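The values are calculated or read from the model by the stated rules, or taken from the named source; none is laboratory data. A quick note: this is a predicted structure, and the numbers were derived from the prediction, not measured. Methodologically, a virtual Cβ is constructed for each residue, glycine included, from the backbone with ideal geometry; neighbour enumeration extends over all protein chains shown. Just the protein is used for accessible areas: all its heavy atoms, side chains included, with ligands, DNA and RNA removed. Shrake-Rupley method; radii C 1.70, N 1.55, O 1.52, S 1.80 Å.
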Amino acid sequence: MIKTLINLVLLVLGPSSVFADIVTKCDSPHGYSYFVAGSFVPKKEAGWVEDGISKGSYLVTRDADGKYDIIFSDAINRTISSREDGGEVVVISKSDNRLVLVVAYPEMNVETWYFRIDLSGTGELTVSQARYGEASFINKHSLMKAACSK
């Protein structure tokens, strides 16, 4: 059932995604975020808070050309491809038990994804996300952790 759902998501995201290999899937990220005071965050509410996406997930794929993508489901059940959303996905480091990706969205967001996974895709992820600039309504910096499996 889950493979059928994943294939359906990949089909909806476009032809390049249909032929992608699934590297791993990480569920329910949780951790902390630092919210910066601004238009949508009053000064008294700025600072560190416990944060997470209890029903969220990250699906990591690698296409036939070896390009990675991170397809995420968010708190309101939207499914979004990092690459199709304008993010540039760059491989920083890769081995049999480690994958480090940086995803940069110009003038809006930068993310560092550190996967500690075995060859079967099982392990954990820590992700750092810095949202900044006018296009990002709420400026914050987050560090979250999630368990991963295939």
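Which loop-located GluC sites (Glu not before Pro) does the stretch 69-109 contain, where loop means any DSSP state but H, G, I, E or B and the Cβ has at most 13 other Cβ atoms within 10 Å?
Values: sites: Glu84, Glu88, Glu107; in loops: Glu84, Glu107.
Filter output for the stretch 69-109: Glu84, Glu107.
Simple spin-label estimate for Glu50 and Asp118 gives 3.1 nm between the two label positions (7 Å along the Cα-to-Cβ direction from each Cα). A straight chain from Ser93 to Asn77 at 0.36 nm per residue would run longer than the Cα-Cα distance by 2.7 nm.
Extension gain for Asp85 to Val36 (0.36 nm times residue separation, less C-alpha to C-alpha distance): 15.3 nm.
Over the Cα atoms of the stretch 14-150, the radius of gyration divided by the Kirkwood radius equals 0.98; this is the Rg/Rh ratio. The lysines within cross-link reach of Lys67, meaning a Cα-to-Cα straight distance under 26 Å and a gap of 8 or more places when in the same chain, are Lys3, Lys25, Lys94, Lys145, Lys150. Rounded to the nearest 20, the Cβ-based charge dipole of the chain about its Cα centre (Lys and Arg +1, Asp and Glu -1) stands at 280 debye. Dipole check for the stretch 45-102: with +1 at the C-beta of Lys and Arg, -1 at the C-beta of Asp and Glu, and the Cα centre as origin, the magnitude is about 240 Debye. Rolling a 1.4 Å probe over the heavy atoms of the protein chains gives the chain an accessible area of 60 Å² per residue. Students often forget the sequence filter, so: which lysines lie under 18 Å Cα-Cα from Lys44 once same-chain residues fewer than 8 apart are removed? In chain and number order, the partners are Lys140.
Loop-located trypsin sites (Lys or Arg not before Pro) across the stretch 44-109 with a Cβ neighbour count of 10 or fewer within 10 Å are Arg78, with loop assigned by DSSP.
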